[in-house]
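For reference, the structure is listed below as structure tokens.
Derivation of every value follows stated rules applied to the coordinates shown; laboratory data play no part. Only a predicted model underlies this, so the values are computations on that prediction, with no experimental measurement involved. Using ideal geometry, Cβ is built from the backbone for each residue, glycine included, and neighbour counts are taken over all protein chains shown.
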Amino acid sequence: MVLAHVEAALDRMDQGPYGRCHLCAKPIALDRLKIVPYLRDCARCQQLREAGQ
């Protein structure tokens, strides 16, 4: 599963939206990307998504 996330992040790097939240399109904090480089959500959108589950 992690491999799929990494491959998707590499595709986003090639296509341009890497480092931007896929929900709100705002930049994902560099500190978050340093910890988990394949993140798709900014902290706010991740919190909202998790709260809705």
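Helix-only estimate, please: 222 nm mean residue ellipticity of the chain, summing -39500 (n - 2.57) across DSSP H runs of length 4 or more and dividing by its residues, to the nearest 500.
On the way: 3 runs with 29 residues, N = 53.
Dividing the helical sum by the residues of the chain leaves -16000 deg cm²/dmol.
Compute the distance in nm between two label points, each set 7 Å from the Cα along the Cα-to-Cβ direction, one at VAL36 and one at LEU3.
If labels sit at VAL36 and LEU3, their model points lie 2.1 nm apart.
Can you tell me how much longer the chain between ALA43 and ARG20 gets when fully stretched, taken as 0.36 nm per residue apart minus their C-alpha distance, in nm with one decimal?
Stretched fully, the ALA43-ARG20 segment lengthens by 7.2 nm.
Among 38-48, 16-26, what's the highest-first ranking by average C-beta atoms within 10 angstrom per residue?
38-48, 16-26
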